[in-house]
Amino acid sequence: MADVLVLVDHVGGAVRKPVLEVLTLARRLGDPVAVVLGAGAGGAAGVLGEHGAVRVLVCEAPEVEESLVVGRVDALEAAFGALVDPVAVLVPSSGEGREVAARLAVRVGSGLLTDAVDVVGGEEGPVVTQSVFAAGFTAVSRVSRGVPVITVKPNSAPVEASAAAGAVEVLEVEFSGRPAARVVSRTPREASGRPELTEAAVVVSGGRGLGGAENFALVEALADSLGGAVGASRAAVDAGWYPHSQQVGQTGRSVSPQLYIAVGISGAIQHRAGMQTSKTIVAVNKDPEAPIFDLADYGVVGDLFTVLPQLTEDINHR
Ligand code: FAD
C-alpha cells in the first residue's frame, strides 16, 4: 500500500486529538507514516501505533525547536524523502501547520490544499472537500501536481483506534542552516481548564448581546456544564470583554465543533466564516430577525440573561 505522511502535533509526547482524526483519514488513503518532531517525540509512538501508524519517524534534534518553522520543514522534508510510495502528506490545520505544509509543498514541488473538512481516495489521487468563501460554498478539489500536501481542520473525522505496527525509526535530518529568526523562549498559555478552542467538541460563544465582560461568566458556566470551550465575537473582543485568542471568525479562529452555541451574536458573515462548518448550531438571541437564525439548527428567541442560567442549571442537573 502507498504511504501517507502525517505530521504529528504534540506537547512533550502527548498527541493532540486532531492528529488522531487525521490518522483516521490517512488510513482511507494508504498506510499512515507518522512523523514526530521535538522534545519528547519518542513518547508519542505508542498512541500513534494504536491509531494506525505503521511507521513512526522520530526526530528529537534541538534544531527542530530552535527556529519558528524552518527546522520542522527540514525534518518533514527528510521524512517525505523516507517514504516508499507517497500518496499524500496530511497536516493538522493550525497557523503553524498551514505554514509548514505550504513550505513543504514548495520544496517538493507539490500542490497544496488547506483546511480540508474531508479527504477521500480517488483514482487520480485524494479528493479534498473544503468550505470556502466564508463557508458559503463547498469546494471539492484534487491536486494536479506532485504528491498532495493537505491540511485538515480539527473535528473533520472521528478518532478511531486501529492497531498497527507503529515501528519507531530515528529520522536523520540535515538542517538547512542558521534560521532567519530564532526562538528565545516559549511560554505556555495560562491553562483555563477548558479544551482548546479549535479542538473542542462543544463551543459556546458570546457576543455584544452580553453587554459586558462580567457577563461572560454566564457563557463560561454553560461551556463548563458541557465540557466545552468559550469563544467570542469580534464585537466582544474589540470591547475588551474577552481575549482575542478566543475570537471566532474571519479575523479570528476557525472552529468546527459538534455543537456551537452562539449567545447574543447577530451572525455577521465574518463571524459565520469561523463557525459555519459546525455540525449543530444553536442560537440564543432576543431578536427573531437576527441572521444567526438563518443558519442555526435550533434557535431560542429570548433574553440570554433568562435563558442561559436556566439552560446551565438544567444541564447540570442531568
Ligand atoms: P452585534 O452584531 O451587535 O449583535 C449582537 C446581538 O445580540 C444582536 O443580534 C442582538 O439581538 C443580540 N442581543 C442583544 N441583547 C441580547 C439579550 N439580552 N439576549 C439575547 N440576545 C441579545 N466578527 C466576528 O465575530 N469575528 C471575526 O473574525 C470578524 N472579523 C471581521 C473582519 C472584518 C474585515 C470586518 C469588517 C468585520 C469583522 N467582524 C468579525 C465583525 C462583524 O462584522 C460583526 O460586527 C460582529 O461579528 C458583530 O458581533 P456581535 O454579533 O457580537 O454583535
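Each value in this text was obtained by applying a stated rule to the coordinates, not by laboratory testing. Please read these numbers as outputs of a predicted model, since none were measured by experiment. As a convention, Cβ positions derive from the backbone with ideal geometry for all residues, glycine included, and neighbour counts pool all protein chains shown.
Worth a mention:
- Using alpha-carbon coordinates, inclination of helix 95-108 to the longest axis of the chain, degrees: 30 degrees
- On the principal axes of its alpha carbon atoms, segment 40-166 extends 42, 33, 28 Å, with the longest extent given first.
- The convex hull around the C-alpha trace of segment 238-318, projected and averaged over every direction, spans 5.8 square nanometres.
- For residue 317 and residue 107, the difference between the fully extended length at 0.36 nm per residue and the C-alpha to C-alpha distance is 70.1 nm.
- Among 279, 286, the ranking by other beta carbons within 10 Å of each residue's beta carbon, starting with the fewest, stands as 279, 286.
- Calculated over segment 167-318: convex hull of Cα atoms, volume per residue (Å³): 177 Å³
- The angle separating the long axis of helix 70-81 from the principal Cα axis of greatest extent in the chain is about 60 degrees.
- In the chain, the DSSP beta bridges split such that about 20 percent are antiparallel, to the nearest 5.
- Rg over Rh for the chain works out to 1.01, using Cα positions for both radii and the Kirkwood form for Rh.
- C-alpha long axis of helix 216-225 to longest principal axis of the chain, angle in °: 60 degrees
- Computed over segment 1-108, Kirkwood Rh from alpha-carbon pairs, angstrom: 13.4 Å
- Gyration tensor (alpha-carbon) shape descriptor, segment 97-175, a/c threshold 1.5: oblate
- Euclidean distance between Cα centres, segment 197-258 to segment 134-180, Å: 28 Å
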